[in-house]
Amino acid sequence: MFAVDYIADSGGTIYDTDRYRKGGFQPERAMANVRRIYDRTQEVFAIADRDAIAYHRAGDRLAEQRIAALQAVRLLDAPDTVHH
């Protein structure tokens, strides 16, 4: 079994960046988000199986879908937006 590295290795980043969320660092919230790595990995496997693609391609597809969803609610700037 192959787990996409940027999903499998994301726990430290997820945990550490919780400090930037509303209310500051909350260990319980941070760990709850880290525990969702398993679910994301399962999503990647399901996408790969459904679409008959490699795991790394499925991971990219999931990441692109999540970014697009965030952009749709304007939590992120569009990729072509430049700030100075």
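The values are calculated or read from the model by the stated rules, or taken from the named source; none is laboratory data. No experiment lies behind these values; they were computed from the predicted model shown. Heads up, the Cβs are rebuilt from the backbone with ideal geometry, glycines too, and the neighbour counts pull from every protein chain shown. Quick note on the areas: whole protein, heavy atoms, side chains included, nothing else; ligands and nucleic acids left out. Shrake-Rupley method; radii C 1.70, N 1.55, O 1.52, S 1.80 Å.
Below, the figures for the structure above:
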| item | result |
| --- | --- |
| Residue that is modelled with the lowest pLDDT [pool: residues in the range 1-10 that are closer than 17 Å to L62 by Cα and surrounded by fewer than 16 Cβ atoms within 10 Å (Cβ to Cβ)] | F2 |
| Residue tally, condition more than 26 Å from A58 (Cα to Cα) and either among the small types (G, A, S) or under 11 Å from the mean Cα position of the chain (by Cα) (or both), over the range 11-44 | 2 |
| Contacts under 6 angstrom Cβ, first residue in the range 37-57 being over 16 Å from I14 (Cβ atoms), partner open to solvent by 80 Å² or more (accessible area, probe 1.4 Å) and part of a loop (DSSP other than H, G, I, E, B), 6 or more apart | Y55/F2 |
| Residues located in the range 19-35, provided they are surrounded by 13 or more Cβ atoms within 10 Å (Cβ to Cβ) and within 22 Å of Q65 (Cα to Cα) | N33, V34 |
| Residue in the range 36-57 that is surrounded by the most Cβ atoms within 10 Å (Cβ to Cβ), counting only those that are assigned to a helix (DSSP H, G or I) and among the aliphatic types (A, V, I, L, M) | V44 |
